[in-house]
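Presented below is the structure to which this report refers.
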Amino acid sequence: MVDADHRCTLAVVGAGPAGRSLAHRAAGAGIDVVLVDRDPERVWRSTYATWTDELPWWVDPAAISHQVDAVAVYSPSHHILRRGYTVLDTAALQRSLGLDGVRVVGGTAMTTDARSVSLSTGVTVRAQVVVDARGSISTTGPAQTAYGVFVPTGAAAPILGADPAVLMDWRPFDGSDRQPRVASFLYTVPVSADRVLVEETCLVGHPALSVGTLRDRLRTRMNLRGHAVDVDGDDIERVHFAVTGGGGRPWTSRPMTFGAAGGLMHPATGYSVATSMRCADDVVAAIERGNDPGSALWSARARLVHTLRRRGLNALLGLDAETTVEFFDAFFALPADRQRAYLSGRDDPRGVMAAMLTMMRVADPGVGIAVARGAAAPTRW
């Protein structure tokens, strides 16, 4: 039982993947942790995937549902990215992030600051460090949307063909020669030994395509290709989340924010879980040393990378559908180290800048000019 004037070293608000990872790792290091959530036992439902080399060393192998050594992209050129890709077992991941030694407090956080959390229950938790990890809850700004269906491996075999997984298939959903006004792509990835997620995705839009529109596109795509996929079945996934959580300067947030709402979501891909898990150890180490965890998480190099990627998102949002596909065709033709720098590294501004400059140089001149113009324009979110 936590009384109204309880004190601890670390208070974490939000028991999603980011918050639970942080509480789990902090307690394992012997830090006194209180985890606050309005529904601490809520079961996670989303499908989480990541590049395999982004996972921290301590992830429980039981939390890994399926892995492939390479993924394909159709833009419409066929690219093979020889980089491991992992789909996590969501339920097993949640179980593996055990909360032994963590005091879990139910209730909605009404007010938070750098040293305290006041709950709807009347409880106040006071801490040396407060971290807000409540996720990407914004309903405004650029967002990623998707509609997918889980199908048996056998039913997905004709969709995958010889590819182990398809990260992006930008070929038009309706069989035409041109993209619609707002493009979407097909994401086809095995999530276990016997199930595959087939998902129509709007990578990012402002506004994004509706989930209903993506369901209709997925149905049209499957029907035109002759695939027997029940798009209206019960085993489906709907996705809608903002990709700009944390804003342009998350390092100024008080209390400190963490995870998808703390600037750790990649604005051009929507991935945040593996990064948040990996960064939890940076926060824990700073607390152990008595240092400011926000400064540890947001070095000057990390701040610059964050700013560059938001510029990259700004450029992407300024492209029309046809140019968007041309952009990805050029991006996935870049050397692997350039791709990895842009997609994964948090503290390599030189690598991110090199990827962006290489794109402008090697892409079709129209694409390069559009990217440069978008990157230079003021951001509106």
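The values are calculated or read from the model by the stated rules, or taken from the named source; none is laboratory data. What you are looking at is a predicted structure, and each value in this text was computed from that prediction instead of being measured. Every residue, glycine among them, receives a Cβ derived from its backbone with ideal geometry; neighbour counts consider all protein chains shown. Note: areas computed on protein heavy atoms with side chains; ligands, DNA, RNA excluded. Shrake-Rupley method; radii C 1.70, N 1.55, O 1.52, S 1.80 Å.
Of all residues in segment 247-267, which are small (Gly, Ala, Ser), part of a loop (DSSP other than H, G, I, E, B) and buried (at least 24 other Cβ atoms within 10 Å of the Cβ)? Scanning segment 247-267 gives a single hit, 263. Among the residues of segment 9-37, those that are open to solvent by 10 Å² or more (accessible area, probe 1.4 Å) and either at pLDDT below 95 or farther than 30 Å from residue 148 by Cα (or both) comprise 9, 24, 25, 27, 28, 29, 30, 31, 32.
Of the residues making up segment 270-303, those that are over 17 Å from the mean Cα position of the chain (by Cα), over 18 Å from residue 349 (Cβ atoms) and outside any helix (DSSP H, G or I) number 3. Note on segment 193-224: residues that are surrounded by fewer than 17 Cβ atoms within 10 Å (Cβ to Cβ) and in contact with a Gly (Cβ under 6 Å, 6 or more places away or on another chain) total 1. Out of 318, 312, one residue alone is touching a Gly at 6+ places or on another chain (Cβ under 9 Å), within 15 Å of residue 342 (Cβ to Cβ) and not β-branched (Val, Ile, Thr). It is 312.
Strands (runs of 3 or more DSSP E) fully within segment 159-220 that include at least 2 residues being closer than 18 Å to residue 235 by Cα and among the hydroxyl-bearing types (Ser, Thr, Tyr): 185-190.
Can you tell me which residue is farthest from residue 44 (Cα to Cα) among those in segment 228-245 that are in a loop (DSSP other than H, G, I, E, B) and open to solvent by 30 Å² or more (accessible area, probe 1.4 Å)?
Among residues in segment 228-245 that are in a loop (DSSP other than H, G, I, E, B) and open to solvent by 30 Å² or more (accessible area, probe 1.4 Å), the one farthest from residue 44 (Cα to Cα) is 228.
Checked against the criterion of being open to solvent by 20 Å² or more (accessible area, probe 1.4 Å), over 23 Å from residue 25 (Cβ atoms), in contact (Cβ under 8 Å) with a residue 24 or more places away in the chain and more than 17 Å from the chain's Cα centre (by Cα), segment 95-115 contains one or more residues that satisfy it.
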